[in-house]
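The values are calculated or read from the model by the stated rules, or taken from the named source; none is laboratory data. The structure presented is a predicted model; accordingly, all values stated were derived computationally and were not measured. Methodologically, a virtual Cβ is constructed for each residue, glycine included, from the backbone with ideal geometry; neighbour enumeration extends over all protein chains shown. Surface areas here come from the heavy atoms of the whole protein model, side chains and all, with no ligands, DNA or RNA. Shrake-Rupley method; radii C 1.70, N 1.55, O 1.52, S 1.80 Å.
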Amino acid sequence: PYYSEPGIDLYLGDNREVLSALGVLTGDVALLWGDPPYGVSERTRRASAGRSNATAALDFAPVAGDGEAFDPGPWLAFPRAVLWGANHYAHRLLPSSSWWWWDKRAGTTPDDNADGELAWTNLGGPARAFTHLWRGMIKASERDATRVHPTQKPEALATWGFQQASLKPGNLVLSPWLGSGPEAAAAKRLGLRFIGIELVPEYLDACVARLRQGVLPLASGDAR
């Protein structure tokens, strides 16, 4: 592992190559938590493009693999999976009643970014929504933390998601596109085992720093 602590292992490399080398079986994983490149060529250079407002625009490197369509096919073999950004590749997914909606505006006015994000799940049950303000510097949690990834999500979202999936301490979560690793911190907080894989060393370093800060209480988010 690039980094390891009890119950948590982080790896640097291509996710399918790492999983093949580790011999991880789909049945060993209690939940696949996927936040892949959506295939939308996300605009990651905002500050240098002249944008300056309350969302505190920052420049980031392009998201690896985001310039080509994402194929979820290989990941649908996992019996319990969550795939974010799934509205961008919904035509490649199986029918499901249990989509999730993350409302990032929480009653505030829209801007040039999406009002929220959709995740496809095969967990069964009805569609669910989670409301947690997350728009640049205006956010419900992690207010003092510097954003290091262009599509970074809050730890609160992963915590809510793991609870929705009814995970129990000791269950294994797999995150093949780790980024800065908010889900790793959420897994640690809930006593879950965790495997995270990332291509970019700087993002792994950010995840390691996040984990070494210890488990901190979350700000409240309205889950409904």
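What to note about this one:
- Residue by residue, the range 70-75 carries 3J(HN,Hα) couplings of 7, 9, x, x, x, 8 Hz when phi is fed to the Karplus relation 6.51 cos²θ - 1.76 cosθ + 1.60 (θ = phi - 60°); x denotes Gly or Pro.
- For the peptides 17-27, 200-210, the ranking by mean Cβ contacts within 10 Å, running from highest to lowest, is 200-210, 17-27.
- Per-residue HN-Hα couplings for the range 82-89 [Karplus 6.51, -1.76, 1.60; θ = phi - 60°; Hz; x = Gly/Pro]: 10, 10, 7, x, 5, 5, 7, 9
- Relative packing of peptides 162-170, 81-89 - highest average C-beta neighbours within 10 Å first: 81-89, 162-170
- When the GluC sites (Glu not before Pro) in the range 61-157 are filtered for DSSP coil states and for at most 14 other beta-carbon atoms within 10 Å of their beta-carbon, the remaining sites are Glu68.
- Here r is the Cβ-Cβ distance between Lys168 and Thr146 and R0 is 41 Å; the resulting FRET efficiency, rounded to 0.05, is 0.80.
- Per-residue SASA entry for Trp100, accessible area with 1.4 Å probe, Å² rounded to 10: 10 Å²
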